[in-house]
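Remarks on the structure that follows.
The values are calculated or read from the model by the stated rules, or taken from the named source; none is laboratory data. As the structure is a prediction and not an experimental result, all values here were calculated from the model. Cβ: placed from backbone, ideal geometry, glycine included. Neighbour counts: every protein chain shown. Side chains included, ligands, DNA and RNA excluded: accessible areas come from the protein's heavy atoms. Shrake-Rupley method; radii C 1.70, N 1.55, O 1.52, S 1.80 Å.
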Amino acid sequence: MLSGSTGVTLANDALLVQLVRGALGKDAKTRDLPRPNVSSCEFVVTLHGSVRMPEERYAIEEVAHRLPGVRGVVNKIQTAPPL
């Protein structure tokens, strides 16, 4: 188990993935963006997907980084302008 600075204890990576997905849906900067695929291994979150603008990519990464218990974020989100 890993304890974050806010006192939240994460039992496993599956819980962390759920927390990241929930945070992306609640944050004003990311709630209307395409949802990335989220995975976690040893509390390092990996993000996959596609967005329109680099700013959107960074906003998603920022939300994931802010969560307690996240040891790191690997951002593999691609920027692809709409067709």
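Helix-only arithmetic for the chain: the sum of -39500 (n - 2.57) across DSSP H runs with n ≥ 4, divided by the residue total, places the mean residue ellipticity at 222 nm at -10500 deg cm²/dmol. So what is the relative contact order for the chain, in percent, with contacts set as C-alpha pairs under 8 Å and at least six apart? For the chain, the relative contact order is 31 percent. Size descriptors for the chain (Cα atoms only): Rg and Dmax, in that order, 12.6, 44 Å.
Between the Cα long axis of helix 54-66 and the first principal axis of the chain there is an angle of about 10°, rounded to the nearest 10. Counting only protein heavy atoms and a probe of 1.4 Å, the accessible surface of the chain is 53% carbon and sulfur.
What is the calculated FRET efficiency for VAL74 to ARG35, with r their C-beta to C-beta distance and R₀ = 25 Å, to the nearest 0.05?
On the way: r = 17 Å, r/R0 = 0.68.
Computed FRET efficiency for VAL74 and ARG35: 0.90.
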